[in-house]
Amino acid sequence: MKSLKALAMVTVLGLALAMGAGCAKKNVEAEVAAPVVEKAPSAKEVSKKLTKNVVYFEFNKYDIKAEYRDMLQQMADTLKQYPSITVLIAGNCDERGTQEYNQALGERRARAVYDYLVRLGVPAEQLDIISFGEDRPAVAGTGEEVWAKNRRDNFTIMAY
């Protein structure tokens, strides 16, 4: 009979301990909200923003105007942060001049931006250039307003 009482007592104690464990204090530390960590944008998302950049040039010029330096600095910072992104810099001209001249001028424009980005620390492997000369106008027509919009470098993402 004693062993039956002892067995009953051990069972009751075991149940009491099990129930007590279920009613243990809540871990207050676990309830503290974890800090919100912002997810960095993907290379694909960043690439879309880069293609919106355009550098415009004066007639018969290929030097980069001061107004584009901040934009190009931001572009360089982004490209250094996302080394998987590769960009094609396309030089374009207005319709004035010969086909050959505009082809060469478009290349000089693209090369000017390429060199500037490399000087800002962008690896040359992330950049490539092409000249479309006058073959791909942004705006059709004639006149200084139209021509000004066609004298440009624009950017195409080749890989992200």
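The values are calculated or read from the model by the stated rules, or taken from the named source; none is laboratory data. Predicted model only: the values in this text are computed from it and were never measured. Counting neighbours? That spans all protein chains shown, and the Cβs are built from the backbone with ideal geometry, glycine included.
Some values worked out for this structure:
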read-out	value
Residue among 68, 62, 101 that is closer than 29 Å to residue 42 by Cα and modelled with pLDDT of 95 or more	68
Lone qualifier among 115, 77, 70, 128 - being exposed (fewer than 12 other Cβ atoms within 10 Å of the Cβ), under 25 Å from residue 160 (Cβ atoms) and within 27 Å of the chain's Cα centre (by Cα)	70
Some residue of region 88-95 being over 17 Å from residue 54 (Cβ atoms) and in the same structural domain as residue 60 (by TED's automatic domain parsing)	yes
Enumeration of residues in region 99-128 that are touching a Cys at 6+ places or on another chain (Cβ under 9 Å) and over 19 Å from residue 54 (Cα atoms)	101
